């Protein structure tokens with residue numbers, strides 16, 4: 001049953017951002033650094049943002065097309081193929097539902113939490129579970145084709161005990177799973193055991209493994225025969241996709257959960273140092289770094305439109321737009337929620353999930369005007385997702401996926417939502 005949509009309009013207080021060049025220690029890579037990267041940082045970050053009276057808006061009102069309920073929270077991002085939405089749930093199932101009406105086509109039960117985003121290639125859908133396995137299922141029926149142990153086993157009680165809270169250690173905030181990428185008949189994925197795996201897509205046979213110094217929760221990115229991925233050992237790696245041979249390693253000084261974005265000859269990523277970095281694709285040398293200035297973490301992944309790099313953040317509760325070649329702040333949105341979700345930009349709208357600890361979260365729709373979201377009287381819509389299916393985190397961690405005028409995203413209340421953005 002469709003839930004009532006509620007609009008919230010924010011009056012934003014502009015934050016003065018000071019851009020300063022400094023000479024940080026160069027990244028350690030396979031090629032010596034000859035020029036110090038640029039570091040930019042704000043002088044202040046918002047601690048609270050007042051909610052003012054509503055202002056007129058031309059943002060169209062979205063309507064719920066359908067809602068599908070699972071048995072536990074949905075942390076992962078859905079994938080869509082041939083009219084079917086595939087997604088996992090903390091109830092241990094991978095679901096396949098009709099993209100038009102939300103009707104269940106099939107579900108497949110594993111023995112662990114499923115937060116991995118599925119990858120669909122040909123007739124198979126691939127995903128990982130906390131039961132330790134990477135699965136391949138027939139996309140039409142949900143019948144298992146094969147499964148391979150990739151060292152990803154994490155008992156449910158241990159996963160839930162690592163959900164964090166105000167008294168938890170930073171290393172307890174282990175929320176995510178790596179997600180598979182399929183290319184050239186091979187699957188690539190990271191694992192809890194600290195390895196990056198390459199497997200044959202048709203059989204699940206392991207081609208090679210690459211050992212990092214800690215768990216690997218980030219999904220890989222691939223381009224021109226090179227795989228790029230971050231690890232909880234606070235490094236970014238580049239390795240040959242065919243043989244797993246390391247090409248470079250660059251310390252980023254924070255656990256990496258983000259999916260790297262490859263553009264302009266650079267690798268853009270973020271870490272729990274609370275910074276966004278741009279690395280040279282060939283050498284891993286740091287070109288620039290945007291430093292939030294405090295340990296507020298960045299779990300979101302960057303997305304680029306034109307010359308602007310958009311990304312969410314955690315404790316700072318802001319969505320940033322950075323200049324892609326320098327890291328300078330072009331625009332920002334001060335929020336009332338954490339944004340671990342990755343933004344999607346379509347038709348001058350930015351969509352991103354927001355989550356909160358023991359407070360309300362949901363999906364935000366921000367209107368872009370010439371790429372800017374920093375107007376102090378900027379209006380936005382907000383779709384609330386209030387009660388968690390379990391635990392104290394509420395709202396939307398899942399990254400939205402847009403297709404045919406519908407936004408699909410999972411909620412920590414256990415629902416998969418499909419809302420129409422066609423006026």
Is there a residue being assigned to a loop (DSSP other than H, G, I, E, B), under 23 Å from residue 390 (Cα atoms) and touching a helix residue (DSSP H, G or I) at 6+ places or on another chain (Cβ under 7 Å) anywhere in region 122-144? yes
It is to be established whether one or more residues within region 294-302 are within 19 Å of residue 326 (Cβ to Cβ) and not assigned by TED's automatic domain parsing to the domain that holds residue 176. yes
Any chance residue 141 is under 24 Å from the mean Cα position of the chain (by Cα), under 26 Å from residue 98 (Cβ atoms) and without any contact (Cβ under 8 Å) to a residue 60 or more places away in the chain: no
Among the residues of region 410-417, are any free of Cβ contacts under 8 Å to residues at least 40 places away in the same chain and assigned to a strand (DSSP E or B)? no
Please verify whether region 133-144 includes one or more residues that are buried (at least 24 other Cβ atoms within 10 Å of the Cβ) and over 27 Å from residue 407 (Cβ atoms). yes
Go through region 325-355 and give me each residue that's more than 22 Å from residue 79 (Cβ to Cβ) and in a strand (DSSP E or B). 329, 330, 331, 332, 333, 334, 338
Considering every residue within region 389-398, establish whether at least one is assigned to a loop (DSSP other than H, G, I, E, B), touching a strand residue (DSSP E or B) at 6+ places or on another chain (Cβ under 7 Å) and surrounded by fewer than 24 Cβ atoms within 10 Å (Cβ to Cβ). yes
Residue 213, sole failed condition from (1) in the same structural domain as residue 329 (by TED's automatic domain parsing); (2) without any contact (Cβ under 8 Å) to a residue 24 or more places away in the chain: (1)
Expected single match for over 23 Å from the mean Cα position of the chain (by Cα) and surrounded by fewer than 19 Cβ atoms within 10 Å (Cβ to Cβ) among 151, 122, 71 is 122
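The values are calculated or read from the model by the stated rules, or taken from the named source; none is laboratory data. Bear in mind that the values here come from a model prediction, so they are computed numbers and not experimental data. Positions of Cβ are generated from backbone atoms using ideal geometry, with glycine treated the same way; all protein chains shown enter the neighbour counts.
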